[in-house]
Amino acid sequence: MTSKSCPLCLPKDEAVLSQDQQTRVIEVLDPEWPGFRRVIWQDHVAEMTDLSADQQLEIFQKVLAQEEELRQQYQPDKINLASLGNMVPHLHWHVMCRWRTDPFWPGSVWSTPRDPQSYAIAGRTVQVDQWSALGEQARAVRYPVFVLGQAVTEDEEWDGLDPVSRHALILQSERPVATGRLLSLGAGVGRIGRMAVLENARGQGLGLAILQALIQEARALGFDQLILHAQLHALTFYERAGFVTEGPVFEECRIQHRQMRLTFRPPSWQNQADTPI
Ligand SMILES: [Zn+2]
């Protein structure tokens, strides 16, 4: 059974991961959202209760298999499952990774995004916001620093996780000069990364202001701990902000690093007093 006006009966440009007679699984190629799949019932039916009990089980097992794969691939804070179909009444399930640092956390992805934040640090204003607001300016700092300056490849630099991260930015004379990002790794741990200051703006404490703004943002978002991978020359810089070095030297993008950690409180799963919500 198909409907001639239905985009799921007559799909265009779908990235099909697998399909059989009953269902197909597609990767939603949304540059604004990594870790997003859709499980579609092949026939044009609207509701789960239009299916037999066996068919209901079949589509739900497909949904759960996607959930499992996405958890392994992305380690998100949460998987969201949604079946709406108000616009396209052809049975399909959205399976989406969610991050504490994504623009809509903790609401649904159709809710209002987190407000832009502004932190005043040592007389400087640091903006913190989502990629769609600050990305163009953050790119104007990261590209010369990492891609041109440190031979990081573009594939490494633009890893697809910027849209689900929080970004900090400092402007001087309306020009972006310093940036950094906060990405959730799940389980209450955030990762600070992509810390960059344009060469001619260094030595003014801008990097420290970016770092402190991201630490404040992480506290506001309820993280327990932050980690980062520091280039060896930057260890004392991060130690001044309270980070502690751990583990051996390792290479990332052909540059030597060590991991560092800042603990606000023990991981929440160790806190027996936590109230379930
Ligand atoms: Zn249809």
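I'd like the full set of residues that are more than 11 Å from residue 100 (Cβ to Cβ), open to solvent by less than 20 Å² (accessible area, probe 1.4 Å) and among the β-branched types (Val, Ile, Thr), limited to the stretch 150-196.
152, 170, 177, 179, 192
Answer with yes or no whether residue 166 is within 15 Å of residue 126 (Cα to Cα), of a type outside the set (Phe, Trp, Tyr) and touching a His at 6+ places or on another chain (Cβ under 6 Å). If you could, list the steps in order and put the result at the bottom.
Numbers: within 15 Å of residue 126 (Cα to Cα): yes; of a type outside the set (Phe, Trp, Tyr): yes; touching a His at 6+ places or on another chain (Cβ under 6 Å): no.
No, not satisfied.
When you scan the stretch 93-138, how many residues do you find that are closer than 27 Å to residue 62 by Cα, hydrophobic (A, V, I, L, M, F, W, C) and either open to solvent by 60 Å² or more (accessible area, probe 1.4 Å) or at pLDDT 95 or above (or both)?
Keep residues of the stretch 93-138 that are closer than 27 Å to residue 62 by Cα, which gives 93-100, 102, 104-111.
If we keep only those that are hydrophobic (A, V, I, L, M, F, W, C) too, we end up with 93, 95-97, 99, 104-105, 109-110.
Now restrict to residues that are either open to solvent by 60 Å² or more (accessible area, probe 1.4 Å) or at pLDDT 95 or above (or both): 93, 95-97, 99, 104-105, 110.
Residues flagged as closer than 27 Å to residue 62 by Cα, hydrophobic (A, V, I, L, M, F, W, C) and either open to solvent by 60 Å² or more (accessible area, probe 1.4 Å) or at pLDDT 95 or above (or both) within the stretch 93-138 amount to 8.
Just give me the residues in the stretch 4-29 being open to solvent by less than 30 Å² (accessible area, probe 1.4 Å) and in a loop (DSSP other than H, G, I, E, B), in sequence order.
Passing the criteria: 6, 8, 9, 28.
Within the stretch 1-21, which residues are within 14 Å of the ligand (Cβ to nearest atom) and polar (S, T, N, Q)?
Taking the stretch 1-21 first, the residues within 14 Å of the ligand (Cβ to nearest atom) are 1-12, 14.
Within the stretch 1-21, 2, 3, 5 meet the criteria.
Can you name the condition, by its number, that residue 32 falls short on among (1) open to solvent by 70 Å² or more (accessible area, probe 1.4 Å); (2) within 20 Å of residue 2 (Cβ to Cβ); (3) not β-branched (Val, Ile, Thr)?
Of everything listed in (1) open to solvent by 70 Å² or more (accessible area, probe 1.4 Å); (2) within 20 Å of residue 2 (Cβ to Cβ); (3) not β-branched (Val, Ile, Thr), residue 32 misses just condition (2).
Output the number of the condition that residue 26 fails; it satisfies all remaining conditions of (1) within 16 Å of the ligand (Cβ to nearest atom); (2) in contact (Cβ under 8 Å) with a residue 40 or more places away in the chain; (3) in contact with a Leu (Cβ under 8 Å, 6 or more places away or on another chain).
Unmet condition: (2).
Please tell me if residue 132 is under 16 Å from the mean Cα position of the chain (by Cα), in contact (Cβ under 8 Å) with a residue 24 or more places away in the chain, in a helix (DSSP H, G or I) and under 28 Å from residue 194 (Cα atoms).
Numbers: under 16 Å from the mean Cα position of the chain (by Cα): yes; in contact (Cβ under 8 Å) with a residue 24 or more places away in the chain: yes; in a helix (DSSP H, G or I): yes; under 28 Å from residue 194 (Cα atoms): yes.
Against the criterion (under 16 Å from the mean Cα position of the chain (by Cα), in contact (Cβ under 8 Å) with a residue 24 or more places away in the chain, in a helix (DSSP H, G or I) and under 28 Å from residue 194 (Cα atoms)), residue 132 qualifies.
Determine if the stretch 44-65 includes at least one residue that is within 15 Å of the ligand (Cβ to nearest atom), more than 32 Å from the chain's Cα centre (by Cα), modelled with pLDDT under 95 and surrounded by fewer than 14 Cβ atoms within 10 Å (Cβ to Cβ).
no
If residue 241 meets every condition in (1) of a type outside the set (S, T, N, Q); (2) within 28 Å of residue 77 (Cα to Cα); (3) modelled with pLDDT of 95 or more; (4) out of contact with any Pro (no Cβ under 8 Å at 6 or more places or on another chain) apart from one, which number is that one?
Every condition holds for residue 241 apart from (3).
The values are calculated or read from the model by the stated rules, or taken from the named source; none is laboratory data. All figures in this text were calculated on a predicted structure; none of them were measured in a lab. All Cβ positions, glycine included, derive from the backbone under ideal geometry; neighbour counts span all protein chains shown. Calculation scope for accessible area: heavy atoms of the full protein, side chains included, ligands and nucleic acids excluded. Shrake-Rupley method; radii C 1.70, N 1.55, O 1.52, S 1.80 Å.
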